[in-house]
1. Do the conditions hold for residue 61, that is, is it assigned to a loop (DSSP other than H, G, I, E, B) and surrounded by 11 or more Cβ atoms within 10 Å (Cβ to Cβ)?
2. Being closer than 18 Å to residue 84 by Cβ, part of a helix (DSSP H, G or I), at pLDDT below 85 and under 12 Å from the mean Cα position of the chain (by Cα), is that true of even one residue in segment 26-44?
3. Please indicate, with yes or no, whether at least one residue in segment 68-91 is surrounded by 10 or more Cβ atoms within 10 Å (Cβ to Cβ), outside any helix (DSSP H, G or I) and touching a helix residue (DSSP H, G or I) at 6+ places or on another chain (Cβ under 6 Å).
4. Which count do you get for residues in segment 33-64 that are in contact (Cβ under 8 Å) with a residue 24 or more places away in the chain and in contact with a helix residue (DSSP H, G or I) (Cβ under 7 Å, 6 or more places away or on another chain)?
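The values are calculated or read from the model by the stated rules, or taken from the named source; none is laboratory data. Owing to the predicted nature of the structure, the values given are computational and were not obtained by experimental measurement. Positions of Cβ are generated from backbone atoms using ideal geometry, with glycine treated the same way; all protein chains shown enter the neighbour counts.
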């Protein structure tokens, strides 16, 4: 019974790790698409208001996190960058 439980936990952890990478990549491309679309429709770099600036900030922070992550290097700033991305996105979309 304990071996089956350990096997299940290992499979779930590996599945979560794979979904983490897929989620990071898909989120990055969605934000990139949003920025490009806003750039095309407004005909200028999307940094004219607070919403666009915060979205651009979270996009650039995600680049700072993803480059060392996919190079399989240790990223000691990851503990600061990831919460910053989450809070920046949350504040930008909260409508305050």
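1. no
2. yes
3. Yes, some residue in segment 68-91 is surrounded by 10 or more Cβ atoms within 10 Å (Cβ to Cβ), outside any helix (DSSP H, G or I) and touching a helix residue (DSSP H, G or I) at 6+ places or on another chain (Cβ under 6 Å).
4. Adding up the residues that qualify gives 9.
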